[in-house]
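Notes follow once the structure below has been shown.
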Amino acid sequence: MTGQRVMRVALIGFGTVGQGFAHILARSGDWYRRQFGLDLRIVAVSDLQRGSVHDPAGLDPAVLLERAGDLARVPAPVHGWDSLRTIRESNAEAVLEMTFTDLQTGEPGLSHARAALGSGKHLVTSNKGPVALHLPELQRLARDNGVMLGMEATVMSGTPTLALATEMLRGAMITRVEGILNGTSNYILTEMGGGSPFGEALRRAQELGYAEANPAADIDGTDARAKAAILANLLLDAPLTPDDVECTGIRDLTGRDIEEARAAGQVWKLVAGVEAGRDGVRARVAPQRLPLSHPLASIDGVTNAITFTTEYLGEVTLTGPGAGRLETGYAMVGDLLKIHRLGQRAAGDELKEVSTA
Ligand code: HSE
């Protein structure tokens with residue numbers, strides 16, 4: 001590949017996802033350079049707990065990971081900038097927003113998203129709060145500022161759900177979407193099926209980096225509800241917010257319920273569905289007892305699955321990881337590769353216009 005583009009990125013939040021992204025870059029950054037002509041360079045990291053660091057020339061992802069607990073120890077010309085200053089004043093072209101999700105207010109991710117897009121920087125976010133609550137506004141801001149908004153990480157981590165649906169399936173006319181969209185609750189239900197108590201299964205999901213900072217969102221279904229709202233907006237043009245999605249979680253399911261289902265040849269799953277009907281688009285999240293023959297019944301552990309019902313292809317099902325450090329970190333990479341691809345295409349179009357003028 002000839003020609004190389006440097007893309008400078010600022011990481012806002014350096015927890016599970018941010019570190020997953022840095023890990024991938026430490027391991028595969030050279031390959032991305034050779035393979036795609038894209039030199040992804042971290043120029044700033046800002047985290048509420050871990051501190052912040054900025055080097056306009058670039059920071060070594062391996063060093064960031066070694067000193068992730070205290071970013072003040074990473075050698076660099078600038079330390080101590082808060083998130084908004086990092087977004088506005090660093091020389092990053094793209095901001096990766098990976099702070100914790102707040103599904104009530106969207107903050108602090110919402111302010112970060114507005115600041116990034118408003119200052120003409122691409123935004124790639126794993127934060128479900130701002131996207132589920134304010135997607136039309138963020139899309140407008142991106143358009144008005146001529147930058148891209150990437151959100152693949154918000155649904156099924158790096159499993160390319162939104163890419164597949166928006167780029168390939170949209171034209172096949174999606175009428176319905178149904179799936180298991182929360183990795184933590186599916187992991188818990190699977191472990192309970194194997195005899196583990198609820199609390200122990202949740203603790204393991206937290207240790208493995210699957211659960212939200214506040215795992216109530218996983219257990220009470222509100223994480224899946226936010227994802228259902230995102231899908232309704234993106235795929236069915238329905239401006240639903242999480243409050244418009246009926247929602248029941250898995251909190252009240254007991255070991256006995258799971259045992260009873262098993263005895264009847266069934267299994268409990270937390271299912272999210274979005275459907276276009278005569279009265280508009282309706283969305284719902286609820287535990288369902290599925291027969292073992294149901295396509296979602298065999299989706300176990302942190303794996304997620306989604307079935308798109310379309311006019312021209314019938315049903316298309318995608319299965320893959322729904323959460324995790326590298327899995328979600330990869331979603332950020334995937335969006336940046338897409339921004340790079342589209343940038344190359346735009347540059348090509350400009351050249352063409354110039355040469356035909
Ligand atoms: N806590 C979420 C889950 C993370 O378990 O699915 C990915 O959105």
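The values are calculated or read from the model by the stated rules, or taken from the named source; none is laboratory data. Quantities reported herein were computed from a predicted structural model and do not represent experimental measurements. Here the Cβ positions follow ideal geometry from the backbone for every residue, glycine too, while neighbour counts run over all protein chains shown. Quick note on the areas: whole protein, heavy atoms, side chains included, nothing else; ligands and nucleic acids left out. Shrake-Rupley method; radii C 1.70, N 1.55, O 1.52, S 1.80 Å.
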How many residues are within 14 Å of Val124 (Cβ to Cβ), of a type in the set (A, V, I, L, M, F, W, C) and assigned to a helix (DSSP H, G or I) if we restrict to the range 142-171? 4
Does Leu162 count as within 16 Å of the ligand (Cβ to nearest atom), closer than 16 Å to Asp237 by Cα and modelled with pLDDT of 95 or more? yes
Filtering the range 295-320 down to residues that are open to solvent by 50 Å² or more (accessible area, probe 1.4 Å), of a type outside the set (S, T, N, Q) and within 18 Å of Asn182 (Cβ to Cβ) yields Pro295, Asp300
How about the range 177-190: which of its residues are within 19 Å of the chain's Cα centre (by Cα), aliphatic (A, V, I, L, M) and either within 12 Å of the ligand (Cβ to nearest atom) or surrounded by fewer than 24 Cβ atoms within 10 Å (Cβ to Cβ) (or both)? Ile180, Leu181
List every residue pair whose Cβ atoms sit under 9 Å apart, with the two residues 6 or more apart in sequence or on different chains, where the first one lies in the range 30-46 and is among the acidic types (Asp, Glu) and the second, anywhere, is part of a strand (DSSP E or B) and open to solvent by less than 10 Å² (accessible area, probe 1.4 Å). Asp39/Met7
Could you check, for the range 191-209, whether at least one of its residues is within 22 Å of the chain's Cα centre (by Cα), more than 9 Å from the ligand (Cβ to nearest atom), over 20 Å from Gly322 (Cα atoms) and crowded, with 19+ Cβ neighbours inside 10 Å? no
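The rows are residues; the columns are (1) open to solvent by 10 Å² or more (accessible area, probe 1.4 Å); (2) out of contact with any strand residue (DSSP E or B) (no Cβ under 6 Å at 6 or more places or on another chain); (3) within 13 Å of the ligand (Cβ to nearest atom); (4) within 11 Å of Ala323 (Cβ to Cβ).
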| residue | (1), (2), (3), (4) |
| --- | --- |
| Val147 | yes, no, no, no |
| Thr154 | no, yes, yes, no |
| Thr175 | yes, no, no, no |
| Ala216 | yes, yes, yes, no |
Leu138 is checked against (1) under 30 Å from Ala232 (Cα atoms); (2) buried (at least 20 other Cβ atoms within 10 Å of the Cβ); (3) touching a residue at least 40 places away in the same chain (Cβ under 8 Å) and fails just one. What number does that condition carry? (3)
At pLDDT 95 or above, within 26 Å of the chain's Cα centre (by Cα), exposed (fewer than 15 other Cβ atoms within 10 Å of the Cβ) and not small (Gly, Ala, Ser): which single residue out of Arg341, Arg284, Arg345, Arg325 fits that description? Arg341
Of residues in the range 244-266 being part of a helix (DSSP H, G or I) and of a type in the set (Gly, Ala, Ser), the one least open to solvent (accessible area, probe 1.4 Å): Ala261
In the range 289-322, residues that are modelled with pLDDT of 95 or more, in contact with a Ser or Thr (Cβ under 9 Å, 6 or more places away or on another chain), under 23 Å from Glu275 (Cβ atoms) and not β-branched (Val, Ile, Thr) total 9
